[in-house]
Each structure stands twice: as structure tokens, then as C-alpha cells.
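The values are calculated or read from the model by the stated rules, or taken from the named source; none is laboratory data. Quantities reported herein were computed from a predicted structural model and do not represent experimental measurements. When we count neighbours, we look across all protein chains shown, and the Cβ atoms used for this are built from the backbone with ideal geometry, even at glycine. To get the accessible areas, we keep the full protein, side chains included, count just its heavy atoms, and leave off ligands, DNA and RNA. Shrake-Rupley method; radii C 1.70, N 1.55, O 1.52, S 1.80 Å.
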Amino acid sequence: MAANAVYIVEDDRDVCTLLHTVLADEGLAVEAFDSGEAFVAAHPSGAFGCLVVDAGLPGMSGLELVQKLHAADYHLAAIMLTGQANVPMAVEAMKAGAVDFMQKPVSCARFVATVRAALDALPAREEARSHCADAVRKLNSLTARQRQVLDMVVAGVANKNIAADLGISQRTVENHRAAIMRKSASKSLPALVRLVEWASRSDDAAGANSRNTP
């Protein structure tokens, strides 16, 4: 589908038809499914766009679907719908990667605005995701000792103190630092710190997903 694709996963036929019609009238490309399993079966290798999903789906719940897609190769900004106000569920949805949480019945105008905002923000989200993945890949290329040195460098520890704490020579520390800069493709200490920050964002997201996966 097009870059402005919207995928509706809703088992209530009337609600699904209404949402589909409203979005199609706005010129958006829309696909509708009555279950999370049906969506995954139709797009087994990933999808890009906005996912509108009912929290109370039969079988795989909306939250489980968002968690599954967030952990796989799906580039979706998820909006979760629910028939009941449920703060804990909203929190869980956001932790799983949802960008918004709306209670039914939704205002058509607000719904369209929310979907368009999610689509507009998607490129920036994907760019951030790419930065995180690149940072993780680069840091994973470091040896265990280099990771130790990196953590201390980022914490502002001087080379001589790193050497003393790790029981190695200062020259060895300098060699490790040079290797870290080369492997991470960082041209300065601030650039290296930013790389570590991007990697930590990925770690935070992975930790949230693992804590919320049944």
C-alpha cells in the first residue's frame, strides 16, 4: 500500500465500516481486518503506515498485536481503540509502542486528525528507530573490555583512572579508546555519547516490551 496506508483491525463490522468510510473519504488508502491474526496473515513480511486496532479483539488482543508487530519488522504508528476507559491498558499500550489511545465512540473529526498526525510523525519515528538500530549494531561490535572502557569514558572517567580501575596500562586504555572510536565511527567524544544515548533508547524499548510480553 501507499505510504499513507491505514490498517483497521476491528471485529465490530459497523464500527469498522464507519472508520473505513471516514478515512477513505479523506483520500487515505485503507485496509480492514476483523482480527489480529487476519492482519498478520495478510502482511506476514511487514507493513508501513498507521494501525488502528481495537483493544478487545477476540483471539489475539489489540495489545498483543501491537506488541507482536513492534517486536517484528513492522513500521506502524498504532492507535488503540477501546469501548471502556482503562488507564492501565492505555499505559500498557503506550509501552508496547502505541502512539495514541482513543475511547469509543470516537469523534470522526478527532479520529481523522489523530490518524493524520500519526502518519505525519511516522518518518521521524522511523528515523529514530534507524538511529537506534545503527547505534546498537556499532556497540555490539565492541569487545567486552572495550564496553567497560566505553562506559567509563562516557561517565567522564580519565584514562589514568580507567587504567587503575581495570588493572591495565594507560597506553592500553588509549588503544581501546581508539578502537572504540573507529568501530563506532565516532569522530568526537560528544558523537560517541550521542551514539550511546541512541543505543540506550533501544534498550529501554526492548526492556519495556519484554516486561509486557505474556
Residues located in the range 145-168, provided they are out of contact with any helix residue (DSSP H, G or I) (no Cβ under 6 Å at 6 or more places or on another chain) and either open to solvent by less than 60 Å² (accessible area, probe 1.4 Å) or under 18 Å from Val193 (Cα atoms) (or both): Arg145, Arg147, Gln148, Asp151, Val153, Ala155, Gly156, Val157, Ala158, Leu166, Ile168
Qualifying positions in the range 180-192 - in a helix (DSSP H, G or I) and surrounded by fewer than 16 Cβ atoms within 10 Å (Cβ to Cβ): Arg182, Leu189, Pro190, Ala191
Every residue from the range 36-66 that is on the phi > 0 side of the Ramachandran plot and of a type in the set (S, T, N, Q): none
Residue pairs meeting the criteria (Cβ under 9 Å; at least 6 apart or on separate chains; first farther than 20 Å from Lys95 by Cβ, in the range 190-206; second modelled with pLDDT under 85 and outside any helix (DSSP H, G or I)): none
Members of the range 118-135 found to be at pLDDT 70 or above, more than 21 Å from Phe101 (Cα to Cα) and open to solvent by less than 40 Å² (accessible area, probe 1.4 Å), listed by number: Cys132, Ala135
Candidate set from the range 1-22 (those that are in contact with a helix residue (DSSP H, G or I) (Cβ under 6 Å, 6 or more places away or on another chain) and of a type in the set (A, V, I, L, M, F, W, C)); member that is most open to solvent (accessible area, probe 1.4 Å): Val22
Filter pass, Asp25 being closer than 16 Å to Phe111 by Cα and open to solvent by less than 40 Å² (accessible area, probe 1.4 Å): no
